[in-house]
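This report concerns only the one structure given below.
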Amino acid sequence: MNTKKLSIVLTHAFIGWALCAATMGIGMATMSVDSALIVHAIGAPIFFTIVSLIYFNRYNYTTPLQTAMIFVGFVIAMDFFVVALIINRSFDMFASLLGTWIPFALIFSSTYLTGYYVVRKANYKTST
């Protein structure tokens, strides 16, 4: 994959992460931590489904599995280096299933399933 294609994939991952970060930022400022985590866990797969739909319909440079791994890897890296190290100055967030691990799993699965659906649909259209 060349630099341009990689930057497009990572830009989509960043957009999804930024939407999740905004959800957590607004949620933490306006509701309890538990409520913010629930909203984030619901919003994360929705955001990444939309981002994935756009990516797979417009670019589709990577397979659904590769894209899901890149997206969730990017989110984990940003949560580690930006949120945990710089903002929170603590790794406590990684001890929370609802705070990190469930959203990571939902981001991976929503990205993979969206890509699988879009690719399968495109292959069906070309075979008929």
From the options Thr23, Thr67, Thr62, Thr49, residue that is outside any helix (DSSP H, G or I), open to solvent by less than 60 Å² (accessible area, probe 1.4 Å) and among the hydroxyl-bearing types (Ser, Thr, Tyr): Thr62
Restricting region 89-128 to residues that are among the polar types (S, T, N, Q) and modelled with pLDDT of 95 or more, the residue that is surrounded by the fewest Cβ atoms within 10 Å (Cβ to Cβ): Ser90
Tyr55 surrounded by 13 or more Cβ atoms within 10 Å (Cβ to Cβ) and assigned to a helix (DSSP H, G or I): yes
Residue within region 115-128 that is within 18 Å of Ala41 (Cβ to Cβ) and of a type outside the set (D, E, K, R) present: no
Residue check for Ala18: open to solvent by less than 40 Å² (accessible area, probe 1.4 Å), farther than 21 Å from Arg120 by Cα and touching a Gly at 6+ places or on another chain (Cβ under 8 Å): no
Residue match in region 98-117 (condition: among the small types (Gly, Ala, Ser) and free of Cβ contacts under 8 Å to residues at least 12 places away in the same chain): yes
Failed item in (1) open to solvent by 70 Å² or more (accessible area, probe 1.4 Å); (2) under 22 Å from Gly99 (Cβ atoms); (3) not β-branched (Val, Ile, Thr), with Ala41 passing the rest: (1)
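The values are calculated or read from the model by the stated rules, or taken from the named source; none is laboratory data. All values derive from a computational prediction rather than experimental measurement. Note that we place each Cβ from the backbone using ideal geometry, even for glycine, and neighbour counts take in every protein chain shown. Accessible surface is based on the protein model in full, side chains and every heavy atom, while ligands, DNA and RNA are left aside. Shrake-Rupley method; radii C 1.70, N 1.55, O 1.52, S 1.80 Å.
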